[in-house]
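Before any comments, here is the structure.
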Amino acid sequence: MIEATREHPVDIDSLRALATSSIELIERLQDASGAYPASPTFSAYRGYSWFRDGAFIADAMSSAGRVASATAFFDWCSSIVLARRERIEDIVGRAAAGNPAPDREMLPTRFTLDGADGDDEWWDFQLDGYGTWLWAVVEHARRHRIDLDRWAPALVLTVDYLLSSWSRPCFDWWEESADRVHVSTLGCISAGLRSVAGSDVIDPTRLAQSTAVVDEIVATIRERGSSDGHLTKWLGSTDVDASLLAMISPLDVVPVSDPLGLNTVATIERDLAQDGGVHRYRRDTFFGGGQWPLLTCFLGLADAARGSHDLAMDRLRWAASTADADEQLPEQVGWHLLDPTRVDEWTAKWGPVARPLLWSHAMYVRLAVELGVTKVGRAA
Ligand code: BGC
């Protein structure tokens, strides 16, 4: 069964203490290579680091002033991309020739901590993490005045990869529905390309191409990735998915001042939030489809962006309440399950829900920094 501890206190001192211990936990578990393990103990994730999780973890650490930790993660990303230069050039060349590489030859979504592809079967073809790392590293460099030249060759290669393949269907944030083009994935790609286009690391040709693709993605999202005034899970869908919250904040693909952004937040709140915690999407059955602290923190960031500080504090408190007695946050809690009949099969397959999940801790930290609950720490 999914644990249902609700022991963790949510007074302001406890919230602050949880932010501090979360930062320490992430630092302690970061590998010497710079990789952030998704979850050190969970059977299916052990030994792997994801570009998606890692980019958001690094962004949280960067926002909390842990500069060296974030830099080490981006160095790890950079070394992974550079080590695959020939493969990327081949993918780009084949796309240009109208003969795109099959999904299984595209870059994976996760790597072993020492930077290898890994041999376990996985739903590997996902494009979002490559956009998110571009976005996060540029934010980090801007925030702490670091010269992006350190990562420039890998940024250029990643830009080429995304420019060549951005419109392909692939697995989404949840590693599902590979036959769709996911709006969150497009949003991550456009945020990454936009960020690099705003820096000075790419030449005029790539700059023009990136700007054109960003414009095309935004137009596509508005025309085919929205319904009834809100963003949708994939192009042509009418449903929402909580990953769309990242489009509003922190990625700022659709600002909260835009009715499309505001209505997306309101629809997710209406359709996916229950008693304070946020589900991934209505038909979710993974471990019964519980509520995710990290998504609840994304909702808090969107609330903060729309000026609802008190609501955002409620989200932070809810996320804190999912911590166990060791101050460890899970991937999800089973307090409200969308499909309780599906818990056992996942528990039998993979064991109990991942805890600690570093991405949960990171989003908690990111929201705590945003709300001024935790002070930005030493710049080391
Ligand atoms: C989630 C992914 C995540 C991975 C590692 C999966 O269950 O669907 O979004 O990247 O776990 O945390």
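Picking from residues in segment 140-171 that are open to solvent by 10 Å² or more (accessible area, probe 1.4 Å) and under 26 Å from residue 233 (Cβ atoms), the one that is nearest to the ligand (Cβ to nearest atom) is 171. In the set 22, 62, 43, 33, only one residue is touching a Phe, Trp or Tyr at 6+ places or on another chain (Cβ under 8 Å) and open to solvent by less than 10 Å² (accessible area, probe 1.4 Å); that residue is 22. Residue count for segment 103-114 under the criterion of being part of a loop (DSSP other than H, G, I, E, B) and either touching a His at 6+ places or on another chain (Cβ under 9 Å) or surrounded by fewer than 18 Cβ atoms within 10 Å (Cβ to Cβ) (or both): the result is 1.
Entry remark, segment 104-134: residues being small (Gly, Ala, Ser), out of contact with any helix residue (DSSP H, G or I) (no Cβ under 8 Å at 6 or more places or on another chain) and within 14 Å of the ligand (Cβ to nearest atom) number 1 in total. Determine the pairs where a residue that is assigned by TED's automatic domain parsing to the domain that holds residue 194, located within segment 236-252, has a partner that is of a type in the set (Asp, Glu) and open to solvent by less than 10 Å² (accessible area, probe 1.4 Å) with Cβ atoms under 7 Å apart, the partner being 6 or more residues away or on another chain. Hits for this filter: zero, empty list.
For segment 179-214, how many residues are within 16 Å of the ligand (Cβ to nearest atom), open to solvent by less than 30 Å² (accessible area, probe 1.4 Å) and not in a helix (DSSP H, G or I)? Total satisfying the criteria: 1. Looking at segment 17-29, is at least one residue among the charged types (D, E, K, R), in a loop (DSSP other than H, G, I, E, B) and away from the ligand (no atom under 16 Å from the Cβ)? No, the conditions are met nowhere in segment 17-29.
Against the list (1) in a loop (DSSP other than H, G, I, E, B); (2) more than 28 Å from residue 11 (Cα to Cα), the condition residue 325 fails is (2). For residue 356, the criteria (1) within 15 Å of the ligand (Cβ to nearest atom); (2) touching a Ser or Thr at 6+ places or on another chain (Cβ under 6 Å) hold in every case but one, which is (2). The residues of segment 115-173 that are within 14 Å of residue 73 (Cα to Cα) and in a loop (DSSP other than H, G, I, E, B) amount to a single one, 115. Tell me which residues, restricted to segment 35-83, are assigned to a loop (DSSP other than H, G, I, E, B), within 16 Å of the ligand (Cβ to nearest atom) and among the basic types (Lys, Arg). Within segment 35-83, just 46 meets the criteria.
Among the conditions (1) within 15 Å of the ligand (Cβ to nearest atom); (2) more than 20 Å from residue 63 (Cα to Cα); (3) crowded, with 24+ Cβ neighbours inside 10 Å, residue 297 misses just one, which is (2). Can you tell me which residue is least open to solvent (accessible area, probe 1.4 Å) among those in segment 321-380 that are of a type in the set (D, E, K, R) and within 15 Å of residue 38 (Cβ to Cβ)? Top of the filtered list is 331.
The values are calculated or read from the model by the stated rules, or taken from the named source; none is laboratory data. The shown structure was predicted, so the numbers you read here are calculated from the model rather than taken from an experiment. Heads up, the Cβs are rebuilt from the backbone with ideal geometry, glycines too, and the neighbour counts pull from every protein chain shown. Heads up: the accessible areas ignore ligands, DNA and RNA and are worked out on the full protein's heavy atoms, side chains in. Shrake-Rupley method; radii C 1.70, N 1.55, O 1.52, S 1.80 Å.
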